[in-house]
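S.K.: This is the structure, below, for whatever I ask next.
The values are calculated or read from the model by the stated rules, or taken from the named source; none is laboratory data. Treat the numbers as computed from the prediction; the structure is a model and nothing was measured. Here Cβ is always computed from backbone atoms with ideal geometry, including for glycine, and neighbour counts include all displayed protein chains.
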Amino acid sequence: MDTWIFAHGDVDGICSAAIALAANPRAHVFFSHPYGLVGDLDEARDHDRIIVCDISLSESHIRHLLDKFSTISEKGELIYIDHHPLPNGLTKEDIPGKVVHRVGSSASELTYSLFEHELNFMYARIAIYGAIGDYLDDTPLIQRLLEGWDKRTLYFESGLLVQAIEGRKRDYELKRSIVSNLAMNLPPSFDKRLVDLAVQHSHVEEIAIRELKHRILTLGEIAYVVGFPFSLGKTATYIKGLAGAAVGVAGEERRGMIDMSLRTNKPEIDLNKILRRIAVRFGGGGGGHPNAAGARIPKERFKEFLRELNREVEESLSKA
Ligand SMILES: [Mn+2]
């Protein structure tokens, strides 16, 4: 029986995978994403032990996924660790296998709490790096873990990870080496390649910030930009701030669709709920977290979608 770790390729996913690997040193690490998980799980055998970290359950694959989870947990073992809101109508109890799911905590925190008894305290910092990566470091457990560390050092290391992997979505070789170094308890700054990548990216980011203010468009409470060649998530955050808008939307065109990231800081706006409700009406899909989400909409309906999004945002703001 082999152990496989399937994780998302962002900092939270990488740190979750590193914690799971530290507790299961012979495991294979594999990167996946919500739309690819079903197919990627076929790489493993049904009687293997599978640990899935930080990969949300995609509405469009849900039946097939749950069947697969059920086969694996009957013949082998399935552990599902995640913090993304579940698809409409699905509860934790409907998911076969061992499920650790909580919205509001990072997957790294949840993975750490599952394996905590098998790891020494040095590994707590990986949970903290991951939590910072997903802006989820203000939870009770992470705050308690932080008491054992100097948080400025951990923010430096986590920031280094964030900056180093930005724009390296499919660089799985790099990400696998980060996971194995973290699992061996080496801080990110010990890897010269990461330091160089992080500095380079920070310079590119500075240029982007200066350029962005000339590119922002607004529609009611929404600031948006399409085709700006920089991280969609960060672009959405910056244009929101620069325009003083409630929501930032950064999109890029791909095969007739606009792929976009959305960000808000308004607690009264739940982007996940809004997108899950409205994106399908425009022939697309979307969801994520309340304050950070993504969507994909056919290009010709993008403007119409933005107007509807703005209506929803204005309604959320006026209710509050
Ligand atoms: Mn996450």
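S.K.: Among the residues of the stretch 221-252, which ones are touching a Lys or Arg at 6+ places or on another chain (Cβ under 6 Å) and in a strand (DSSP E or B)?
M.R.: Matches in the stretch 221-252: 223, 225, 248.
S.K.: Would you say residue 111 is over 21 Å from the mean Cα position of the chain (by Cα) and assigned by TED's automatic domain parsing to the domain that holds residue 32?
M.R.: No; evaluated as a whole, the condition is false for this residue.
S.K.: Scan the stretch 121-130 and tell me whether some residue there is part of a loop (DSSP other than H, G, I, E, B) and either within 16 Å of the ligand (Cβ to nearest atom) or in contact with a Lys or Arg (Cβ under 8 Å, 6 or more places away or on another chain) (or both).
M.R.: So far as the stretch 121-130 goes, no, none of its residues is part of a loop (DSSP other than H, G, I, E, B) and either within 16 Å of the ligand (Cβ to nearest atom) or in contact with a Lys or Arg (Cβ under 8 Å, 6 or more places away or on another chain) (or both).
S.K.: Taking the stretch 93-120 on its own, how many of its residues are hydroxyl-bearing (Ser, Thr, Tyr), within 12 Å of the ligand (Cβ to nearest atom) and either farther than 16 Å from residue 151 by Cβ or free of Cβ contacts under 8 Å to residues at least 60 places away in the same chain (or both)? Break it down stepwise before answering.
M.R.: As a first pass, look at the stretch 93-120 and keep what is hydroxyl-bearing (Ser, Thr, Tyr): 105-106, 108, 111-113.
In the following step, the residues that additionally are within 12 Å of the ligand (Cβ to nearest atom) were identified as 105-106, 108, 111.
Filter once more, so that each one left must be either farther than 16 Å from residue 151 by Cβ or free of Cβ contacts under 8 Å to residues at least 60 places away in the same chain (or both): 105, 111.
Going through the stretch 93-120 one residue at a time, the tally reaches 2.
Let's see how each residue does on (1) part of a helix (DSSP H, G or I); (2) within 22 Å of residue 105 (Cβ to Cβ); (3) at pLDDT 95 or above:
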{"site": "152", "(1), (2), (3)": "yes, no, yes"}
{"site": "155", "(1), (2), (3)": "yes, yes, yes"}
{"site": "164", "(1), (2), (3)": "yes, no, yes"}
{"site": "170", "(1), (2), (3)": "no, no, no"}
{"site": "177", "(1), (2), (3)": "yes, no, yes"}
{"site": "182", "(1), (2), (3)": "yes, yes, yes"}
{"site": "189", "(1), (2), (3)": "yes, no, yes"}
{"site": "195", "(1), (2), (3)": "yes, no, yes"}
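S.K.: Could you list, in sequence order, all residues of the stretch 253-265 that are in contact with a Pro (Cβ under 9 Å, 6 or more places away or on another chain) and assigned to a loop (DSSP other than H, G, I, E, B)?
M.R.: Pass one, the stretch 253-265, residues in contact with a Pro (Cβ under 9 Å, 6 or more places away or on another chain): 256-258, 264.
Passing the criteria: only 256.
S.K.: Going through the stretch 1-51 one residue at a time, which ones are within 23 Å of residue 128 (Cα to Cα), in contact with a Ser or Thr (Cβ under 6 Å, 6 or more places away or on another chain) and away from the ligand (no atom under 15 Å from the Cβ)?
M.R.: 24, 27
S.K.: Just the residues that are within 15 Å of residue 59 (Cα to Cα) and not in a strand (DSSP E or B), please, taken from the stretch 282-301. Reasoning before the result, please.
M.R.: The first filter runs over the stretch 282-301 and keeps only residues within 15 Å of residue 59 (Cα to Cα), leaving 283-289, 293-296.
Once the filter is applied, which keeps residues that are within 15 Å of residue 59 (Cα to Cα) and not in a strand (DSSP E or B), the stretch 282-301 yields 283, 284, 289.
S.K.: Against the conditions (1) of a type in the set (Asp, Glu); (2) closer than 21 Å to residue 94 by Cβ; (3) away from the ligand (no atom under 16 Å from the Cβ), where does residue 54 fall short? Just the number, please.
M.R.: Of everything listed in (1) of a type in the set (Asp, Glu); (2) closer than 21 Å to residue 94 by Cβ; (3) away from the ligand (no atom under 16 Å from the Cβ), residue 54 misses just condition (3).
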